[in-house]
Amino acid sequence: MVSVIRPELCIRCKGRLWCGLKKCPLLEAKKIVKSFTLSEELAGYSPPSLLVGWGGYPKVNVTPLVTGDKPELSDNPPIWARNSFSIDEILNLRFRMGGGSRKVDVKEPDKIVLLTQEVAMSRKPVAVDVEFLQKPKPTISYSNLFPPIGFKAPLKSLELAENPKVDKRVEKLYYDDIKAKEALVFLYEHGYDVYDLARYLTAGLLGIEKKLVPTRWAITAVDSTISDYLLSQVSSYPTVERVLLFHSHLYDNHFFIFFIPGPWAFELVEAWAAKSFWASGKRLILSDHEIGRSRSDYAENVGGSYYATKIAVLEKLREMKRVASVLVLREVREGYYAPLGVWQVRENVRNALRGKPLEFSSLGEALDYAYKNLGMRIRPDEWREKSELLKGVQRRLF
């Protein structure tokens, strides 16, 4: 998908919103970044957090992330969602965070990477001193997978200003010969959320052959690994008895989640409004699905959102001790003027599934109710054109 924010349009527009968004993400970011001073040296905190790029793999850019303001909030998606932080509030936190980058081989960590790994093991923010090769420039970095950051520069040095409060369980796994998948499941079952797991995997702390993992790969790998583990348990549970409808609305992303009696099946259908951030000036409806078992190929159409949604759904099914065929309809509307990362999909779905579901005798009845009473914009017949579950593939295969 192509962003509506095209450079040639921005040059002529100069903030007049010709792209159709409600706010200009570039101007909003510029206002925030201009409100604080950047220099060649920075004394701050790592939340802890880091980014590992994928370009040029296996030689990649490693960026330990640092902020001088509210480190306990600057990389905390569950808190953002549960406390209804606005897009502006999240951008204000994220654009005050950035870091220095250096290129390393994923299997050959240098001193700075080793320090970054030590920080990544910490349970709390860590005070650090960073020195850049040059004064950082505001570099607004948006992604569909992880939250934005506000500045970046080549990294000269990184020093710890205090001893990290290292998580002993993670430290033990770092020195043990245990496969990364087994380590991820072990930590998940001991209460670690996927955000911690993705950080550990990115920093190269897990696995028999330790190596850095690009952040975008780590996020999807964690969601996929834990989802497969949960599905291995959920598949043997009895099915839900009626159609259940959950719904949630955060950041002008509207989710309608249907648990349907039957064996495991899963589909995510996304409808992007013409004036939402990642649309190309016209409405887009995209989907990916699986029937009976986890798909073996990557969900190219909806990407990381597929796996972020799936893990949240399977968490709920395990909690209920039920299996279902699950249809998730997502409407992304004009108010989603700046991408926050795939976390908001995961937390939006989790938020929906914490609520009490509405019960129906048929999927058609539930879909009509969502359209007439819950503010769904896309008509049921339009969803049916794009949804394999709604078109009856599930019934034919089973």
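The values are calculated or read from the model by the stated rules, or taken from the named source; none is laboratory data. Note that the structure is predicted; figures quoted are calculated from it, not measured. Glycine gets a Cβ as well: all are built from the backbone with ideal geometry, and neighbour counts include every protein chain shown.
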_region 102-125 - residue that is over 23 Å from the mean Cα position of the chain (by Cα) and either outside the structural domain of Pro154 (by TED's automatic domain parsing) or assigned to a strand (DSSP E or B) (or both) and, of those, surrounded by the fewest Cβ atoms within 10 Å (Cβ to Cβ)_ = Glu108
*Got a sec? Which of Pro138, Pro147, Pro154 is at negative phi, touching a residue at least 60 places away in the same chain (Cβ under 8 Å) and assigned to a strand (DSSP E or B)?*
Pro138
*How about region 48-69: which of its residues are assigned to a loop (DSSP other than H, G, I, E, B) and surrounded by 23 or more Cβ atoms within 10 Å (Cβ to Cβ)?*
Pro48, Ser49
*Are any of the residues in region 83-92 modelled with pLDDT under 95 and touching a Lys or Arg at 6+ places or on another chain (Cβ under 8 Å)?*
no
*Flag if Ser305 is modelled with pLDDT of 95 or more and within 30 Å of Pro148 (Cβ to Cβ)*: yes
*In region 187-229, what residues are touching a residue at least 60 places away in the same chain (Cβ under 8 Å), part of a helix (DSSP H, G or I) and of a type outside the set (A, V, I, L, M, F, W, C)?*
Tyr195, Arg199, Tyr200, Thr202, Thr215, Arg216, Thr220, Asp223, Ser224, Ser227, Asp228
*Would you mind finding the one in Leu250, Leu317, Leu284, Leu230 that is in the same structural domain as Trp343 (by TED's automatic domain parsing) and farther than 18 Å from Glu334 by Cβ?*
Leu317
*asked:* Within region 297-308, take every residue that is assigned to a loop (DSSP other than H, G, I, E, B) and either over 13 Å from Ile219 (Cβ atoms) or among the aromatic types (Phe, Trp, Tyr) (or both) and give me the one that is farthest from the chain's Cα centre (by Cα).
replied: Asp297
*Say whether the condition of being modelled with pLDDT of 85 or more, over 30 Å from Leu286 (Cα atoms), of a type outside the set (Phe, Trp, Tyr) and crowded, with 19+ Cβ neighbours inside 10 Å is met by at least one residue in region 34-43.*
yes
*asked:* Checking the structure you have, find out if any residue of region 138-147 is of a type outside the set (Lys, Arg) and more than 25 Å from Gly341 (Cβ to Cβ).
replied: no
*Residue check: is Glu171 more than 21 Å from the chain's Cα centre (by Cα) and either not assigned by TED's automatic domain parsing to the domain that holds Asn92 or not in a strand (DSSP E or B) (or both)?*
yes
*Have a look at Ser232, Ser276, Ser294 and point out the one that is part of a loop (DSSP other than H, G, I, E, B) and surrounded by fewer than 20 Cβ atoms within 10 Å (Cβ to Cβ).*
Ser294
*Hey, can you tell me all the residues within region 159-168 that are of a type in the set (D, E, K, R) and more than 25 Å from the chain's Cα centre (by Cα)?*
Glu159, Glu162, Lys165, Lys168
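This table checks each residue for (1) touching a residue at least 60 places away in the same chain (Cβ under 8 Å); (2) basic (Lys, Arg).
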position: Tyr306; (1), (2): no, no
position: Lys321; (1), (2): yes, yes
position: Leu327; (1), (2): yes, no
position: Tyr337; (1), (2): yes, no
position: Arg346; (1), (2): yes, yes
position: Gly364; (1), (2): no, no
position: Ser387; (1), (2): yes, no
*asked:* Which residue is surrounded by the fewest Cβ atoms within 10 Å (Cβ to Cβ), if the candidates are limited to region 83-101 and must be assigned to a loop (DSSP other than H, G, I, E, B) and in contact with a strand residue (DSSP E or B) (Cβ under 8 Å, 6 or more places away or on another chain)?
replied: Ser84
*Before we move on, is Ile378 farther than 19 Å from Ile226 by Cβ, crowded, with 17+ Cβ neighbours inside 10 Å and either at pLDDT below 95 or among the charged types (D, E, K, R) (or both)?*
no
_Given the criterion assigned to a helix (DSSP H, G or I), touching a Phe, Trp or Tyr at 6+ places or on another chain (Cβ under 8 Å) and either buried (at least 16 other Cβ atoms within 10 Å of the Cβ) or not assigned by TED's automatic domain parsing to the domain that holds Ser84 (or both), identify the matching residue among Ala352, Ala338._
Ala352
*Among (1) more than 30 Å from Cys24 (Cβ to Cβ); (2) buried (at least 22 other Cβ atoms within 10 Å of the Cβ); (3) among the aromatic types (Phe, Trp, Tyr) - the single one Phe146 does not satisfy*: (1)
*When the residues of region 190-209 are filtered to those that are of a type in the set (Ser, Thr, Tyr) and surrounded by fewer than 24 Cβ atoms within 10 Å (Cβ to Cβ), which remaining residue is nearest to the chain's Cα centre (by Cα)?*
Tyr195
